[in-house]
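Student: Structure provided below as structure tokens; questions to follow.
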Amino acid sequence: AVREAAAVAVDAALLAGVLMRTGEQPNASDVVNYAPFTLLPSAVPRALFEQAYAVQQDFNLLVDAVSQNKEFLEQTLASTIKVDDFTARLFRIYMQVLEEGLAQTVFLGINRSDYMFDCGLDGTAALRQIEINTIAASFGGLTSRTADVHRLVLKVLGKTEEASQLLPNNPAKGLALGIAKAWELYGSQRAVVMFLVEEVQRNIFDQRCVENELWNRNIRVVRKRFRDVFEQGSLDASRRLYMDGQEVAVVYYREGYVPQIYNEQNWAARLLLERSRAVKCPDIATQLAGTKKVQQELSRPGTLEKLLPGHPAAIARIRATFAGLYSLDEGEEGDRIAATAIADPDRFVLKPQREGGGNNLYGEELREVLEKIKDSPERTSYILMDKIKPQPALNYLLRAHSPLQVSECISELGIFGVYVRQGQELVLNQAAGHLLRTKAIEHADGGVAAGVAVLDTPYLV
């Protein structure tokens, strides 16, 4: 029955457009395969799922507040930018743009807050935030199509009643709604939306889902890389951005979060974009708001109260999702935390200021790195976080050219958030859908794009 269901599932995924380009030909769509996914939807506690949705608008508010607070970003990142060149370069552009005066008046945030379900000693599960992604949060498109596949699989297995319980989910539409709103407020019918994309575009179909939603609203979309911006981009006297003579209203980043892609001309392109009047998603302040160091600082007592005055209920909802987060800044507190982690590395995760999955350190590796950098300023480029211990469950992970076998798995739930601010007025603030990713327990770290996790659908229990 499982074998038969798996064959049906793969065909259903291809039919539904749950697709990725292949590793061999990452820039060609003439040979594609299905994006990896679970055979069965995974059980998710309903109360925790609802809690994650209920706090998303609060996180949107918080990210937006952080992005507007120069003093907070300066203080929080002061130690990090001394030792982390990438964050330092971003920060320099941020300061340069502020000194010049912002040309941008409409701000668009698309983020994804990721959680795991921490299993306590008494067996009760709690929602714990892993991180918030403020740039290039992916898989809103493909996950919009995954639930239909799981619905069919459950029917094939004779679970019609269970199939009807799966929730509708369309982040692609929610993300496009935010981009369309920002485009409209920019105020030029002829202007285009520019997707800033990678050189290697394996995950193009995920982006196309959002793109097509915009075309359906008669909003023109162009796809450009950093090098295209360097070669073709220009600003007019009022800092409107032009690409190839076309005015750009919104720049939606699906690239720009890893240091490796930046050479000098890409940094120059990034500065040009940031100086422009176009709505950047995210602008550089919002990208900095998503750093691990900011995440750790937000968990300090009193910080949320400073950033969100007059929002005690929102603060309580946000704080209820925090895992233990610890600073490795130089000084007594950092020394003590480093020593604790070296003595008991399995309690913690060591996180650098990076996005994109596959960067965190665990166990023996964590101990080795901390031993090496414990007395050097380099340690301030990391933060420590309590290791979350979810309850594993059995599932089949369907991957091209892989045998069908049952695995012990853990899942991570992401909630997409979208907000648009014009001047000081928040004109849109909502949760835009969810993403469940599941991986075998032997993989400590990594997402779908990193080839570790697979797409999944929550089955609420």
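The values are calculated or read from the model by the stated rules, or taken from the named source; none is laboratory data. Bear in mind that the values here come from a model prediction, so they are computed numbers and not experimental data. As a convention, Cβ positions derive from the backbone with ideal geometry for all residues, glycine included, and neighbour counts pool all protein chains shown. We work out accessible area using only protein heavy atoms, side chains counted, and drop any ligands, DNA or RNA first. Shrake-Rupley method; radii C 1.70, N 1.55, O 1.52, S 1.80 Å.
Student: With a cut-off of at least 2 residues that are farther than 24 Å from GLN104 by Cα and under 17 Å from the mean Cα position of the chain (by Cα), name the helices (runs of 4 or more DSSP H) lying wholly within the range 41-83. Before the answer, list the steps.
Tutor: Values: elements: 46-54, 56-67, 70-77, 80-83.
It comes to 46-54.
Student: Right, something else. Let me spell it out: the conditions are (1) more than 22 Å from LYS292 (Cβ to Cβ); (2) hydrophobic (A, V, I, L, M, F, W, C); (3) surrounded by 19 or more Cβ atoms within 10 Å (Cβ to Cβ), and VAL66 meets all of them except one. Which number is the exception?
Tutor: VAL66 satisfies every listed condition except (1).
Student: Within the range 179-212, which residues are assigned to a helix (DSSP H, G or I), within 16 Å of LEU142 (Cβ to Cβ) and within 20 Å of the chain's Cα centre (by Cα)?
Tutor: Quick first cut of the range 179-212, residues assigned to a helix (DSSP H, G or I) only: 179-186, 204-212.
Filter again for within 16 Å of LEU142 (Cβ to Cβ), leaving 204-212.
The answer is ILE204, PHE205, ASP206, GLN207, ARG208, CYS209, VAL210, GLU211.
Student: Go through the range 92-133 residue by residue and tally those that are open to solvent by 20 Å² or more (accessible area, probe 1.4 Å) and assigned to a helix (DSSP H, G or I).
Tutor: So the count comes out to 6.
Student: Right, another one. Determine, yes or no, whether SER138 is among the hydroxyl-bearing types (Ser, Thr, Tyr) and open to solvent by 20 Å² or more (accessible area, probe 1.4 Å). Give the derivation first.
Tutor: Working: among the hydroxyl-bearing types (Ser, Thr, Tyr): yes; open to solvent by 20 Å² or more (accessible area, probe 1.4 Å): yes.
Yes: the conditions hold for SER138.
Student: Scan the range 290-303 and tell me whether some residue there is open to solvent by 40 Å² or more (accessible area, probe 1.4 Å) and either at negative phi or not hydroxyl-bearing (Ser, Thr, Tyr) (or both). Write out each step before concluding.
Tutor: Filtering the range 290-303 for residues open to solvent by 40 Å² or more (accessible area, probe 1.4 Å) gives 300-301.
If we keep only those that are either at negative phi or not hydroxyl-bearing (Ser, Thr, Tyr) (or both) as well, we get 300-301.
Yes.
Student: Exactly one condition in (1) closer than 30 Å to TYR252 by Cα; (2) in contact (Cβ under 8 Å) with a residue 40 or more places away in the chain; (3) touching a Gly at 6+ places or on another chain (Cβ under 9 Å); (4) open to solvent by 20 Å² or more (accessible area, probe 1.4 Å) is false for ARG277; which is it?
Tutor: Single failed check for ARG277: (3).
Student: Please count how many residues of the range 3-58 are surrounded by 13 or more Cβ atoms within 10 Å (Cβ to Cβ) and of a type in the set (Lys, Arg).
Tutor: 1
Student: Continuing with the same structure: For the range 213-268: of the residues being on the phi > 0 side of the Ramachandran plot and charged (D, E, K, R), which is most open to solvent (accessible area, probe 1.4 Å)?
Tutor: By that ranking, first place goes to ASP244.
Student: Ok, one more. Let me spell it out: the conditions are (1) under 22 Å from ASP84 (Cβ atoms); (2) free of Cβ contacts under 8 Å to residues at least 24 places away in the same chain; (3) not charged (D, E, K, R), and ALA313 meets all of them except one. Which number is the exception?
Tutor: Here ALA313 clears every test but (1).
Student: While we're on this one: Give the residue, chosen from LYS292, LYS280, that is out of contact with any helix residue (DSSP H, G or I) (no Cβ under 7 Å at 6 or more places or on another chain) and either basic (Lys, Arg) or within 23 Å of PHE91 (Cβ to Cβ) (or both). Even if it seems obvious, please write down each step before you answer.
Tutor: On the way: LYS280 fails: out of contact with any helix residue (DSSP H, G or I) (no Cβ under 7 Å at 6 or more places or on another chain).
When all the criteria are applied, what remains is LYS292.
Student: Quick one: how many residues across the range 198-212 are of a type in the set (A, V, I, L, M) and crowded, with 21+ Cβ neighbours inside 10 Å? Outline the logic, then answer.
Tutor: Of all residues in the range 198-212, those of a type in the set (A, V, I, L, M) come to 200, 204, 210.
Among the residues that remain, those that are also crowded, with 21+ Cβ neighbours inside 10 Å are: 204, 210.
Counting residues in the range 198-212 that are of a type in the set (A, V, I, L, M) and crowded, with 21+ Cβ neighbours inside 10 Å gives 2.
Student: Also, I was wondering about something else. Kindly list the number of the only condition in (1) in contact with a helix residue (DSSP H, G or I) (Cβ under 6 Å, 6 or more places away or on another chain); (2) part of a helix (DSSP H, G or I); (3) open to solvent by 10 Å² or more (accessible area, probe 1.4 Å) that fails for LEU175.
Tutor: Result: LEU175 passes all but (3).
Student: A follow-up question, please. Quick one: which residue in TYR419, TYR459 is open to solvent by 10 Å² or more (accessible area, probe 1.4 Å) and either outside any loop (DSSP other than H, G, I, E, B) or at pLDDT 95 or above (or both)?
Tutor: On the way: TYR419 fails: open to solvent by 10 Å² or more (accessible area, probe 1.4 Å).
Just a single option satisfies the conditions, and that option is TYR459.
Student: Among the residues of the range 53-81, which ones are in contact with a Ser or Thr (Cβ under 7 Å, 6 or more places away or on another chain) and either over 13 Å from GLU297 (Cβ atoms) or modelled with pLDDT of 95 or more (or both)? Break it down stepwise before answering.
Tutor: Here is the first cut: in the range 53-81, the residues in contact with a Ser or Thr (Cβ under 7 Å, 6 or more places away or on another chain) are 55-56, 59, 63, 67, 77, 79-81.
Answer for the range 53-81, where residues must be in contact with a Ser or Thr (Cβ under 7 Å, 6 or more places away or on another chain) and either over 13 Å from GLU297 (Cβ atoms) or modelled with pLDDT of 95 or more (or both): VAL55, GLN56, PHE59, VAL63, SER67, LEU77, ILE81.
Student: Additional query: Among (1) small (Gly, Ala, Ser); (2) at negative phi; (3) assigned to a loop (DSSP other than H, G, I, E, B), which single condition is ALA136 missing?
Tutor: (2)
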